[in-house]
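Undergrad: Right, I'll just put the structure down here and ask away after.
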Amino acid sequence: MTASTKKTTLAWYRGATKNQWRAFMAAYLGWMLDVMDLMIFSFVIVYVLQEFNSDSGVAGLVVSLGLVASAFGGFIFGLLADKIGRTKSMMASIVCYSIGTVLCGFAPNIVALMVFRMIVGLGVGGEWGAGAALVSETWPAKHRGKVLAFVQSAFAAGYALAAVITAIVLPLGGWRWVFFVGVFPAVLALWIRRNTEEPEVWKQSERVSAKSALRILFVDYRRRTISCLAFTAAASCGYWGLFTWLPSYLATPIEDGGRGLDLMHSTTWIIFIQVGAFFGFILFGYLADWIGRKKTFVAYFVGATVMIPVFLNIQGSVGIVITGAVMALLGTGFYSGFGPTFAELFPTEIRAFAQGFVYNTGRAISAIAPALVGYLTIAFGPVSALLTTAGFYLLAALIVVLTIPETRGAKLEDA
């Protein structure tokens, strides 16, 4: 590879068309606001539990139910995305999670909150599959990993945005007003409707029925589906078990096994750690296009396995920030690989459905992790509970090594 060719490959954004940029922005903003609405609950857990007189086990159940609902969202909106279009499905999912988040602010009790968080989960589950398919089919194969990595980096922006909104709104209006802010993503749906075109590869593809889509996914592509679902579920267990409870761990008094940080210091730490996650997303994309998806997944999962105990045992504020950022880089950045890998493993006529189903069903299975860590925290303390998440990352690495084929550079029509 010549120097000029390498420079062109790295500069993925040069020569991009207006339609490619609009697809990128629609997916990026939709994912950022998706994550914002999803993660807000993690920052107000303590205050919700106080008002409803509940414990951490119940809070973990609320999170888990939302993740389970995301699997149904991926199923429903994925079928819609393959049938009526990526942009229309994305619009509907954004409106869904926006409405659900606002309803959370009106919740009269913990049961109602569970129901409303499930509505959020439906929308959240639908947005990722449609957005990933839209970008995968709009940008060229040589840049697919990098472009989707930048889209996935919106996760860090959404997480940090949730922290900032909580820090500003919570002292002024309480936890309910933090949820009310969640209505604003619905405005994005209007922009998508006016400015984003459907990919040509989707326009030219065959429309299949739900029955046919299920047959293709579970019969024709059964081995790929099971393999992808297994490592997605394991990795997601590691992520959701760890990062759902990190804000609570930071705020828990030192005598109870936490770090004893106040709201402002905890929020600042979260922002720093999301900087690490941001670079993790981006780095994964470049590595995946350079050395392959499989090797990059394994490196990230093994690295996260090592960094979790290091972070939980480090002392000093500087050490917490540095190790936390590295842990987030490895323990979150792997999400960049799901979009290009799944796009390259499944055909166009079921691509959004396959991506949404595998990603969100894996996330739904991972619903056991927040509940598990919540109950283990009660029994053994937060440090011991969070340590268990390292095992999930290690399991994900083993599954990738044994079952996932390399797909770098694959043409989507050949999936």
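Computed from the coordinates by the stated procedures, all read-outs in this text should not be read as laboratory data. Just so you know, these numbers come straight off a predicted model, no measurement behind them. Virtual Cβ from ideal backbone geometry, glycine too; neighbours counted across all protein chains shown.
Undergrad: Take each of the peptides 233-240, 381-388, average the number of other beta-carbon atoms within 10 Å over its residues, and list them starting from the highest.
TA: Numbers: 233-240: 25.8, 381-388: 18.4.
Answer by packing, highest mean first, reads 233-240, 381-388.
Undergrad: Towards the positive end of the charge dipole of the chain, with charges on Cβ (+1 Lys, Arg; -1 Asp, Glu), say which of Trp12, Leu103, Gly362 has the farthest Cα.
TA: Trp12
Undergrad: If contacts are Cα pairs under 8 angstrom and at least 6 residues apart, what is the relative contact order of the chain in percent? Please list the in-between numbers first.
TA: Working: 790 pairs, mean separation 112.3, N = 415.
Relative contact order comes out at 27 percent.
Undergrad: What are the membrane-span-like helices in the chain by this rule: whole DSSP H runs, Cα extent along the axis at least 20 Å, mean Kyte-Doolittle hydropathy at least 1.6?
TA: Values: long enough: 18-52 (49 Å, 0.86); 56-84 (41 Å, 1.66); 86-104 (27 Å, 0.94); 110-138 (42 Å, 1.34); 154-173 (27 Å, 1.99); 222-243 (31 Å, 0.47); 263-290 (40 Å, 1.30); 293-313 (31 Å, 0.88); 317-333 (23 Å, 1.82); 351-365 (21 Å, 0.06); 389-403 (22 Å, 2.21).
TM-like helix candidates: 56-84, 154-173, 317-333, 389-403.
Undergrad: Show me the ranking of peptides 51-59, 320-328 by mean Cβ neighbours inside 10 Å, starting with the highest.
TA: Working: 51-59: 16.7, 320-328: 21.3.
Answer by packing, highest mean first, reads 320-328, 51-59.
Undergrad: Same structure again: Can you give the convex hull volume of the alpha carbon atoms of segment 112-248 per residue, in Å³? Provide the component values of the computation, followed by the final result.
TA: Working: hull volume 23.9 nm³, N = 137.
So the per-residue Cα hull volume is 175 Å³.
Undergrad: For segment 286-415, what does the equivalent ellipsoid look like in terms of its semi-axes, each the square root of 5 times an eigenvalue of the Cα gyration tensor, given largest first in whole Å? Mind showing how you got there, number by number?
TA: Details: eigenvalues 192, 66, 25 Å².
Output for segment 286-415: semi-axes of 31, 18, 11 Å.
Undergrad: Dividing the alpha-carbon Rg of the chain by 2.2 N^0.38 Å yields what?
TA: Details: Rg = 20.1 Å, N = 415, 2.2 N^0.38 = 21.7 Å.
Output field value: 0.92.
Undergrad: How large is the Rg to Rh ratio of segment 1-138 when both quantities use alpha carbon positions and Rh follows Kirkwood? Each step should come with its number before you reach the end.
TA: Details: Rg = 18.6 Å, Rh = 16.4 Å.
So for segment 1-138, dividing Rg by the Kirkwood Rh gives 1.13.
Undergrad: Evaluate the charge dipole of segment 49-194 about its Cα centre and quote only its size in Debye, nearest 20, assuming +1 on the Cβ of each Lys and Arg and -1 on the Cβ of each Asp and Glu.
TA: 580
Undergrad: Taking the Cβ-Cβ separation of Ser212 and Asn109 as r and a Förster radius of 56 Å, what is the calculated FRET efficiency to the nearest 0.05?
TA: Values: r = 43 Å, r/R0 = 0.76.
Once the sixth-power term is evaluated, E becomes 0.85.
Undergrad: Return the distance in nm (one decimal) between the two label points of a simple spin-label model at Arg14 and Trp191, each offset 7 Å from Cα along Cα→Cβ.
TA: Roughly 2.8 nm, to one decimal.
Undergrad: Moving on to the next point. Could you give the nm distance between label points at Lys295 and Phe180, where each point is 7 Å from its Cα heading toward the beta carbon?
TA: Placing both labels 7 Å beyond Cα along the Cβ direction yields 5.4 nm.
Undergrad: Per residue of segment 209-220, what does 6.51 cos²θ - 1.76 cosθ + 1.60 with θ = phi - 60° give for ³J(HN,Hα)? Whole Hz please, x for Gly and Pro, Karplus curve as stated.
TA: Per-residue couplings from phi come out as 6, 4, 5, 5, 4, 5, 5, 4, 5, 9, 10, 5 Hz.
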